[in-house]
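The values are calculated or read from the model by the stated rules, or taken from the named source; none is laboratory data. All values derive from a computational prediction rather than experimental measurement. Virtual Cβ from ideal backbone geometry, glycine too; neighbours counted across all protein chains shown. What goes into the accessible areas is simple: the full protein's heavy atoms, side chains included, and nothing from ligands, DNA or RNA. Shrake-Rupley method; radii C 1.70, N 1.55, O 1.52, S 1.80 Å.
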Amino acid sequence: MEIGLTHYLVLSAVLFCIGLFGALTRRNAVIILMCIELMLNAVNISLIAFSSYVVPQLLTGQVFAIFVMVVAAAEVAVGLAIVLAIFRHFSNIDTNDINLLRW
Amino acid sequence: MGQAAAFWIMAVVIVVAAFAVIFLRNVFRAALSLILCFIAVAGIYITLSADFLAAVQILVYVGAISVLIILGIMMTREVQKGSPVNKMQIPAAIVAALLLGILVYVVTSTPWSISSQAPLTPTTMPLATKLFSENGFILPVEIGAVLLLAAILGAIVITREK
Amino acid sequence: MKFERYGIGIIKGMAVTIKHLLRHPTVTQFPDQRLNISRRSRGNELIWSREKCTGCATCAKTCPQGAIEIVTSTNMAENKYEVETYRVDTGYCIQCGLCVEACPYDALFMGYSYERAKYRRAELVQSNDELLESPSRPASGYFHPEIAETLPKQTLLVEKIVEKRKKK
Amino acid sequence: MEISSDKDYIYTSSELDYQEGQLIEEVKASSRESIQDPDAWLDEELKRNILLTSVDWVLDWARRSSLWTAICFPACCAFEFIAAEGPRFDMSRFGMEILRASPRQADLMITAGTLTWKMAPNVRRIYNQMPDPKWVIAMGACGISGGIFRSSYNVVPGYNKIVPVDVYVPGCPPRPEALIYAVQMLQKKIAKAKVVPDLSELPNPLRKGKK
Amino acid sequence: MTVAISAKEIISQLNTKFPGAIEEAGADSVLVKSDSLLAVAEYLKTAEGFKFEYLNYITAVDYYSYFEVVYQITSLESNRSVVLKARSYTRDNPTVPSVTGLWQGADFQEREIYDLMGITFEGHPNLKRIFLWDGFPGYPLRKDFNQ
Amino acid sequence: MTTTRELTLKTEPFVLNIGPVHPSTHGVYRMRCTLDGEVVVDIEPVFGYLHRGIEKLAEERTYTGFIPLTDRLDYISPMSNNLGYCMAVEKLAGIKVPERAEYIRVIMAELQRLANHCIAVGSMLNDAGAYFTPFMYTFRERERIVDLFDMVCGQRLTYNYMRIGGVSQDIPGEFLPALHKLVDRLTIFIEEYENLLKLNEILLARAKGVGILEKDTAINCGISGPVARASGIKWDIRRNDPYSIYDRFEFDIPTCENGDCYDRYRVRIEEMRQSLRILQQAMKQVPKGPVKADVPHLIRPPAGEAYAHIEAPKGELGYYIVSDNSIAPYRCHIRPTSLINLAALRQMVKGWKVADLIIIFGSIDITMGEVDR
Amino acid sequence: MAIFDSALIQPLAMQVTPPDWPGGYWWHWLFFTVAIIAFVLIMVMGAIYLERRGMGRMQSRLGPNRTGPFGLLQPVADAVKVLLKENIVPTTADKIVHWLAPVVAFAPVLVIFAVVPFQNGAMLADLNIGILYVVAVSSIATVGVFMAGWGSGNKYSLLGAMRNVAAVVSYEIPMVLAIVGVVIVSGSLSMNQIVTGQDIPYILVQPLGFLIFFIAACAEINRSPFDLMEADSELTAGFHTEYSGMKFAMFYLVEYAEAIAMSAIIATLFLSGWRGPWLPPWLWFIIKTFVVFFVMVWTRTTLPRVRIDQLMGLAWKFLFPLALINLFVTAIQVVVWPDISQWIFVIVNIAIAAVLILLWSKFFKLGQGRVEV
């Protein structure tokens, strides 16, 4: 079977849903961050697939993927900083136990 | 032929690794699966003839983001506790499955206007022109740079010892 | 860390090591080349002289270890002690040389050789004839200046280098 | 400037001390007899003229020409060992300059110094941590028999109470040359070892019925 | 030249300051009662004219009938030294006050004496065996120790 | 300062055992370090892995038979140990040592100081991570000194040279010319060695201001030797309580103010220069004469007690001997320089990183043989 | 090295892009895969030999000379012996991670060589993003290292891995910035085109970039003075403390293969790769690689190790700003004066580099002191 755009989009959807499920159910803050990374990757796959199949000469999708990576990097930096700060305060990064928005 | 084989291998690796990320009890191994997933995604990019992005994917995700995450794991030392789940498991599974169904339905039923042109192969130069030319994405690039700076400053401020 | 000296210290150190790379190493390649060890060297095995030994056991008394075991019997005919066994456990001996110093009859000498490694613990215990002087077991000049004169002059690392410098 | 120690030790270590004491007593009780020197068969085998295959020769050559030393330097002999490593005698000529701080990567333990009962469990642990094949050289009088300290209350009379010893080097401490000579003796011993097992001695499933 | 202060020189001052603290005055040492050892030592360390702020060593000797703990202290300024001694007359649980509060360097040495001689130092922050292990039978430096 | 840290950072301190077998603990020494990340929160030293009971063994040996045991105390500087012990017994028995023996003793002690500082400086820099090079260089120079010891007494490490009332044998004829060459050579070598790392920026960064030992703390802990002099205590027993014939020589006592690792390194190098000065003076003055007083082999000193101390390379080394007029000492206590110098270690390393802990420990220059005895 | 005979390579070198006929591409692929593995193994053995002999001579020793002629077979003996050793997995280890770590560390290092040109066009794949590929792939190798550190279940290993993660995250940035300077001047990311564009070696055009890249490369591959993660005087053997037998051999190989890879990349980027008169190009390439490696050995022999906070400080406060300025200056030069002879830039850039280094040396301070606990 020839591989087409649909395959990539379905793969992207599957990856996104796995990430979503993980992000909703896990209690470890670092795992949640990792799941968000998975979702962002899923988005990237679909963006590049669109770019490659729909507008192959324009590369707009790839440019968007680069911006997504920038956002991902920023998110990880800030997210981990928050996780570390929480850990320092509570000695714990279980999201169920961290219900006070202050420290 | 080659592209199909590569796609299926990468797709299976990605899905398995992604499941490993959320289901492994050992957080460190989950992070390692995440790295595997990232590398496989880079492979997917290559099948889509986005070679520059594949290199950037490895550089940014494997070289920086995963390393940071592992640093976070080592510093928080949460491995003994594993990755516990909350009570939302069944509703979350239903939501995820529903979303997956809708997405797959939409993807398969939409008639995409697929171009017949071959994709650009060395993408480095055109990407650069696209990003930095005057009528390209120069403003978003600047905004992205500011965002990164803000994120770094924010991270430093949050983790700083008072 | 402040590079107040702009890395000059690092460059100086690098120069020293590179100088050593070009200089001749100070190695003695042991099994092929041998150093003449000190004339007073306290080697690994005692040399015992059966003729001079009277069996007074001063050495055994002085030994801080108790490494020397001496069994004597009285010889009525010549009115002296006869040494039956003279046993030294080289595994105990620390080569302090106190026994050689104490021997009133000059019957004990330090060994001059050092290649005395063994595969078995039991082989380290030596007695009677194994302790006698032989070409493979020369005596050292420790407390015996007359023997020291006959031994070769000690190789000194200092002289080796100084002479080389003068030649250049 | 705080001079008096006003703060207690953060980590209370009394349990650890207690455990260590138990371990030492255990080791002390279990090592009354000295371990037999390994490869006592060497002479008899030599008489029988064992045949070494060329594979054996290559493997023995590799083993004997890169003996990496584990760091186990309790006392005085360490300095003669370092002298043997140093610029004057240079054991690195035999490929021995690599001192492995981790016993996992070492082949040879040179027991340079007095062994006390408090240290004995650690030495045994180092020996157990070394991967096979491994060798031990007992260096100096203390290593062989406890030497000058053997009548003391805390000294193990010889390393062969704790680990099997391949070569004994007398001396207190032995000269570096004596140590190099011992290493060469060990190399000779390694050269005689048979690495590849003899096929005829292995249980052969085909010949099972005949026996 | 470090001058050892003779006992006569020091004893008059100590007697007026701490009456009854001096048990016996030797030729070049002062034997102090063990319960007033701390006070005497602190006085010698801080008082003008003495300033013995450097502790050379502490050791203990087993004389069968009593244990004697020996302290040598030196004044770096005036280059003088004095030997203090304290005795404990029991063999079961000999006790001497600890001087770690005055001289930090006494820490390990007192632990050593506790370990090898079995003398307890009251007030030592971390008095446990230093060289031998927990559970070693007896105290090796005592004269009646046999293996 | 303690409270603020507790409020902001709740990382989990964990315990790391450094030793007893570790490349840079200089023997078998163990530090139970409580670390917070890389920062040392607390250490608890654990000794005794080389405790051989020398003080007990002394009570079983004769006075002369104990001399070989002193070699094995501080096995980097056995000559100084021999000297200290013999002086204590001489003080106890009231023996006068002949002039020539005194000179030989001083020469040996100063050579020993050179050899010891070679090791001390080299191993400290090795701990700083300069892959064996400084250590090899200093070890080569130590070999030159050891050659001379070997010539005099026939052993390379455990000399057993001094006797009660003198030395065991006279120096051989070729000794003094060799010593001349050695002194010339060492002067050149010290310069070369200083070029190697003295002003190296990385070494300055690693050692300067690291592990500061304040003067008050040093006095309070009883620190002696180069470590104390690096903290600014001008105290040298060779000067303040001259023993043997040290009052005849001209030499300076090098001191520094800061008391950090770098100062300890510099003080040692400077002391090596001063030792060379003493050697130069002593070489010229050696008189002729006997080398040993008439002392019986089994000496029985009168009952009493004596404490003799010398300035060993590591600091004040003292022997406290109690005699009961028998052939063996009743009690022989050794003032362990290394053990007492370790007393301040805990204060010095608190708050520094693991790498600093290693270099601070290296700069104190201890020998486990002397710590545990 | 007959496999690099130009007669063999030239026809293949033309086929850097997949040729038309089937099978040709695969032959090319197979040939270069085998050649790269052989090359890496032989170069690593040469490197080990060079390091041990060179270091020995610098320490006034000899180094291995008994095994084979001139000790040339020493690395072979080591390799055979290590492969035969018993394989130990500690009970506290995370077994899967422990087993996988050496493989993960080893694979990327081999893969790096795919884009290194041994000769004009003689490479596995002339990727148009060559240098980016190198940076990306080399960052995977560090994953293996901290897998090893984590999976061993040993505190020393864990500390080593933590240090490694911190160092790699910091040093990637100045390294990439230094590479960007070269890329701007050459106008291409392809390794082969960078070499063909180097009429003047870029070490002259980009002196500051070279310095930054060299230091960052040393830190990235843990060569001394930045070998903190296996600092043997602090952490016994760092991340591979618990490794023995074949797995340790892999790490040992990785250590030197990484050094060789970095030397090859430095030779390609800054020393004009395979270009040179008289000698065949592949020989020039190998000579240049070994020269760079020798400098690494030389620094390892001489310099002490820096501390972890000094390492980070050096990256962020010294290299990072200098790399930014270097990038800025290079960009201005290339954009504003595109047609000027590069020799002028050589002079200008060397002057700028000197001034910048002097300035930063004057005002920049590294390393914190003690943390109050």
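Would segment C:103-114 turn up any residue that is crowded, with 19+ Cβ neighbours inside 10 Å and assigned to a helix (DSSP H, G or I)?
There is no residue in segment C:103-114 that is crowded, with 19+ Cβ neighbours inside 10 Å and assigned to a helix (DSSP H, G or I).
Table: residues versus (1) assigned to a helix (DSSP H, G or I); (2) touching a residue at least 24 places away in the same chain (Cβ under 8 Å).
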| position | (1), (2) |
| --- | --- |
| E:LEU37 | yes, yes |
| E:TYR43 | yes, yes |
| E:SER65 | no, yes |
| E:VAL69 | no, yes |
| E:THR90 | no, no |
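Got a number for residues in segment C:41-99 being open to solvent by 50 Å² or more (accessible area, probe 1.4 Å) and in a strand (DSSP E or B)?
Selection size over segment C:41-99: 9.
Pick from A:LEU58, A:LEU47, A:LEU11: which is facing chain B (nearest Cβ under 7 Å), more than 11 Å from the chain's Cα centre (by Cα) and closer than 27 Å to B:PRO126 by Cβ?
A:LEU11
Does B:ILE44 satisfy the criteria of being in a helix (DSSP H, G or I), farther than 20 Å from A:SER46 by Cβ and β-branched (Val, Ile, Thr)?
Taking the combined requirement at face value, the residue does not satisfy it.
Check whether at least one residue in segment C:59-82 is closer than 26 Å to F:GLN169 by Cβ, more than 14 Å from chain F (Cβ to nearest Cβ) and not acidic (Asp, Glu), and report yes or no.
Yes - at least one qualifying residue is present in segment C:59-82.
Being more than 12 Å from chain F (Cβ to nearest Cβ), within 14 Å of the chain's Cα centre (by Cα) and either at pLDDT 85 or above or surrounded by fewer than 14 Cβ atoms within 10 Å (Cβ to Cβ) (or both), is that true of even one residue in segment E:34-52?
yes
Determine if segment D:188-211 includes at least one residue that is modelled with pLDDT of 85 or more, touching a Lys or Arg at 6+ places or on another chain (Cβ under 8 Å) and open to solvent by less than 10 Å² (accessible area, probe 1.4 Å).
no
Among the numbered criteria (1) within 25 Å of G:SER244 (Cβ to Cβ); (2) modelled with pLDDT under 85; (3) buried (at least 24 other Cβ atoms within 10 Å of the Cβ), which single criterion is violated by D:GLY171?
Every listed condition holds for D:GLY171 apart from (1).
Answer with yes or no whether D:ILE148 is open to solvent by less than 10 Å² (accessible area, probe 1.4 Å) and part of a helix (DSSP H, G or I).
So D:ILE148 fits the description; yes.
Given the condition among the acidic types (Asp, Glu) and farther than 22 Å from F:TYR193 by Cβ, answer yes or no: does some residue in segment C:51-68 qualify?
Scanning segment C:51-68 turns up at least one residue that is among the acidic types (Asp, Glu) and farther than 22 Å from F:TYR193 by Cβ.
Anything in segment G:168-207 that is among the aliphatic types (A, V, I, L, M), more than 15 Å from G:THR268 (Cβ to Cβ) and surrounded by 24 or more Cβ atoms within 10 Å (Cβ to Cβ)? List them, or say none.
Correct list: G:VAL168 only.
Select from segment B:1-25 the residues that are more than 13 Å from A:ILE18 (Cα to Cα), of a type outside the set (Gly, Ala, Ser) and crowded, with 16+ Cβ neighbours inside 10 Å and write down the one among them that is nearest to the other protein chains (Cβ to nearest Cβ).
B:PHE7
Residue by residue through segment G:127-164, note down the ones that are within 21 Å of G:VAL111 (Cβ to Cβ), in contact with a Phe, Trp or Tyr (Cβ under 7 Å, 6 or more places away or on another chain) and either among the β-branched types (Val, Ile, Thr) or open to solvent by 10 Å² or more (accessible area, probe 1.4 Å) (or both).
Once the filter is applied, which keeps residues that are within 21 Å of G:VAL111 (Cβ to Cβ), in contact with a Phe, Trp or Tyr (Cβ under 7 Å, 6 or more places away or on another chain) and either among the β-branched types (Val, Ile, Thr) or open to solvent by 10 Å² or more (accessible area, probe 1.4 Å) (or both), segment G:127-164 yields G:LEU127, G:ILE129, G:VAL145.
Just to be sure, is F:ARG239 surrounded by fewer than 23 Cβ atoms within 10 Å (Cβ to Cβ), of a type in the set (Lys, Arg), within 21 Å of F:GLN274 (Cα to Cα) and more than 9 Å from chain C (Cβ to nearest Cβ)?
Against the criterion (surrounded by fewer than 23 Cβ atoms within 10 Å (Cβ to Cβ), of a type in the set (Lys, Arg), within 21 Å of F:GLN274 (Cα to Cα) and more than 9 Å from chain C (Cβ to nearest Cβ)), F:ARG239 qualifies.
Being within 8 Å of chain F (Cβ to nearest Cβ), modelled with pLDDT under 80, under 30 Å from G:LEU303 (Cβ atoms) and part of a loop (DSSP other than H, G, I, E, B), is that true of even one residue in segment C:6-22?
Yes, the conditions are met somewhere in segment C:6-22.
Looking only at segment D:84-124, count how many residues are away from chain G (no Cβ under 12 Å), part of a helix (DSSP H, G or I) and of a type in the set (Lys, Arg).
Count: 1.
Tell me the residue from A:ALA72, A:ALA77, A:ALA81, A:ALA42 that is modelled with pLDDT of 85 or more, more than 7 Å from chain B (Cβ to nearest Cβ), on the phi < 0 side of the Ramachandran plot and assigned to a helix (DSSP H, G or I), please.
A:ALA42
Does F:ALA228 fit the bill of being within 11 Å of another protein chain (Cβ to nearest Cβ) and at pLDDT 85 or above?
Yes.
Taking the condition of being in a loop (DSSP other than H, G, I, E, B) and either within 11 Å of F:ALA343 (Cβ to Cβ) or more than 7 Å from every other protein chain (Cβ to nearest Cβ) (or both), how many residues in segment F:208-225 meet it?
Within segment F:208-225, residues that are in a loop (DSSP other than H, G, I, E, B) and either within 11 Å of F:ALA343 (Cβ to Cβ) or more than 7 Å from every other protein chain (Cβ to nearest Cβ) (or both) number 9.
Would you point out the residue of segment E:8-31, among those that are surrounded by fewer than 17 Cβ atoms within 10 Å (Cβ to Cβ) and touching a residue at least 40 places away in the same chain (Cβ under 8 Å), that is nearest to E:PHE50 (Cα to Cα)?
Selected residue: E:ASP28.
It is to be established whether one or more residues within segment F:253-274 are among the charged types (D, E, K, R) and touching a His at 6+ places or on another chain (Cβ under 9 Å).
Within segment F:253-274, one or more residues are among the charged types (D, E, K, R) and touching a His at 6+ places or on another chain (Cβ under 9 Å).
Residues of segment F:23-54 being at the interface with another protein chain (Cβ under 7 Å from one of its Cβ atoms) and out of contact with any Ser or Thr (no Cβ under 8 Å at 6 or more places or on another chain), which ones?
F:VAL28, F:THR34, F:GLU38, F:VAL39, F:PHE47
Pick out, from segment B:64-162, the helices (runs of 4 or more DSSP H) lying fully within it that include 1 or more residues that are more than 7 Å from chain A (Cβ to nearest Cβ), open to solvent by less than 50 Å² (accessible area, probe 1.4 Å) and not hydrophobic (A, V, I, L, M, F, W, C).
By residue number, B:89-109, B:124-132.
Kindly list the number of the only condition in (1) under 19 Å from D:SER151 (Cα atoms); (2) among the hydrophobic types (A, V, I, L, M, F, W, C); (3) in contact (Cβ under 8 Å) with a residue 24 or more places away in the chain that fails for E:PHE121.
With respect to (1) under 19 Å from D:SER151 (Cα atoms); (2) among the hydrophobic types (A, V, I, L, M, F, W, C); (3) in contact (Cβ under 8 Å) with a residue 24 or more places away in the chain, E:PHE121 is out only on (1).
Scan (1) farther than 23 Å from F:ARG346 by Cβ; (2) out of contact with any strand residue (DSSP E or B) (no Cβ under 7 Å at 6 or more places or on another chain); (3) open to solvent by 10 Å² or more (accessible area, probe 1.4 Å); (4) facing chain F (nearest Cβ under 8 Å) for the single condition E:ASP62 breaks and write down its number.
Checking E:ASP62 against (1) farther than 23 Å from F:ARG346 by Cβ; (2) out of contact with any strand residue (DSSP E or B) (no Cβ under 7 Å at 6 or more places or on another chain); (3) open to solvent by 10 Å² or more (accessible area, probe 1.4 Å); (4) facing chain F (nearest Cβ under 8 Å), the one that fails is (3).
Would you point out the residue of segment G:50-80, among those that are within 7 Å of chain D (Cβ to nearest Cβ) and hydrophobic (A, V, I, L, M, F, W, C), that is farthest from D:ILE98 (Cα to Cα)?
Residue satisfying both the conditions and the ranking: G:VAL80.
Count, please, the residues in segment F:147-189 that happen to be buried (at least 18 other Cβ atoms within 10 Å of the Cβ), more than 9 Å from chain C (Cβ to nearest Cβ) and of a type in the set (Val, Ile, Thr).
Looking only at that region, the number is 4.
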